[in-house]
1. Lys and Arg at +1, Asp and Glu at -1: add these up for the other residues within a Cβ distance under 14 Å of Ile102 and post the number.
2. Which angle from 0 to 90°, rounded to the nearest 10, does the C-alpha axis of helix 141-152 make with the longest principal axis of the chain?
3. Just grab the label-to-label distance for Glu380 and Glu40, each label 7 Å out from Cα along the Cβ direction, in nm (one decimal).
4. About the Cα centre of the range 109-235, what is the dipole size in debye to 20, counting +1 per Lys and Arg Cβ and -1 per Asp and Glu Cβ, all else neutral?
5. Springs between alpha-carbon atoms under 10 Å, Gaussian network over the chain: tell me which of Thr280, Thr164, Thr101 tops the mean-square fluctuations.
6. When you count, for each residue, the other Cβ atoms within 10 Å and take the mean per peptide, how do 121-128, 24-31 rank with the highest first?
7. Under a Cβ-only charge scheme (Lys and Arg +1, Asp and Glu -1), can you give me the dipole magnitude of the chain about the Cα centre, in debye to the nearest 20?
8. Which order do the peptides 205-212, 44-51 come out in when sorted by mean C-beta neighbours inside 10 angstrom, highest first?
Amino acid sequence: MSDFHDDLETRDPVEREAALMAALPAQLTHARSAAPAFAELLAGVDCAAVASRAALAAVPVTRKSDLLERQKRLRASDPFGGFSAIARGPAMPRVFASPGTIYEPEGTGRDPWRTARALHAAGFRAGDLVHNGFSYHLTPAGSIMESGAHALGCTVFPGGTGQTEQQLEAIADLRPAGYMGTPSLLRILLEKATAANLALPGFSKALLSGEAFPPSLRDWLAGRGITALQCYATADLGLIAYETTAREGLVLDEGVLLEIVRPGTGDPVPDGEVGEVVVTTFNRAYPLVRFGTGDLSAVLPGRCPSGRTNTRIRGWLGRADQTTKVRGMFVHPGQVATVLRRFPGLARARLVVEGEMADDRMTLKVEAVPDAALAARLAEAMREVTRLRCAVECVAPGSLANDGRVIEDARSYQ
């Protein structure tokens, strides 16, 4: 039994990067020609020349808020807002809705969301019966996981999210090899089984997603004989990254190109620095290019001890949208980035909002040698960009936390 889903997972990183860059121009060209939204978003972009990460970084980021706004604006004529590259019919077997409401088309193929790789890493194999605890209505989570399990040759019981007593009866009778779903539902099922003195034979592995999975819960599950790993997937992109038995970060899926950018911008940050996760997929049906997830993460150095050679990320570290209202006006990370671009020598800064409501104070902390003239120019730039007064404080290089925070709301709301 192989530890790897396929040979792609152990490719030389140079070979993988070359393959991604070779496929990138064609995918951008396809997105522009097949998806009306990208015909506009990529207008003026020489797609054939986008064959490097530097060239990709010059392409605008499309964030979830942009996608939602366009879908709402065009809902009467196109519920997908021009982002779908396929039409209703055999090429689009299902349509899903995520909170917002955002509509997502599902394409055809053996594993359109690419989750088989994560399930394989979690120990699932052909012939296993898998209990699926993800929702099967409205949102795509149930289908996302089921299609991956089917691609592995697994049989799936569609448990969904409710009727836990019936789900427990099915688990006891059918004896699935494991579970895929949210951590919270798995815990509820196990607690109810314990309360009912119900044994769950064979229930020994799990792939979890959709919620935080703290080490304390991992240990709690292990104490009940279940080895649980997690994966990072979204309704828009499918699988982004997955955990291995090494439990050292999440390994990127082979079908995505990931960047970590400074929140509020499209500017890539150095490896190790926390920023927003931006993903380009090679999905022909829903070809999202530089899609900003709004999630924070960071690249981990080195390779996974499991033997997989793809890049690893730290997992979910919070949300990148830190927009806040100060004295009745919205201030967002992109404005801070606009100011910093005027001062090329400055790499990292944090806008701290303090005081009480109606008595807000802003201080821009920048990593720089104390310089009164620099501080004055920064304060002037902040006022010009935000229309608000802002103090400036120079702090020691490396002293600002590497947590992806560009705006810190430290006000008292009591």
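Derivation of every value follows stated rules applied to the coordinates shown; laboratory data play no part. All values reported here derive from a predicted model rather than from experimental measurement. Ideal geometry is used to build each Cβ from the backbone, glycine not excepted, and the neighbour counts take in all protein chains shown.
1. Details: positive: Arg63, Lys64, Arg70, Lys72, Arg73, Arg75; negative: Asp66, Glu69, Asp78, Glu104, Glu106, Asp236.
Around Ile102, the surrounding residues sum to 0.
2. It is inclined by approximately 60 degrees.
3. So the two model labels end up 3.8 nm from each other.
4. 340
5. Looking only at Thr280, Thr164, Thr101, the largest GNM fluctuation is found for Thr101.
6. Details: 121-128: 18.0, 24-31: 19.9.
Per-residue Cβ counts within 10 Å, averaged per peptide and sorted highest first, yield 24-31, 121-128.
7. For this selection, approximately 580 debye.
8. In decreasing order of mean packing, 205-212, 44-51 become 205-212, 44-51.
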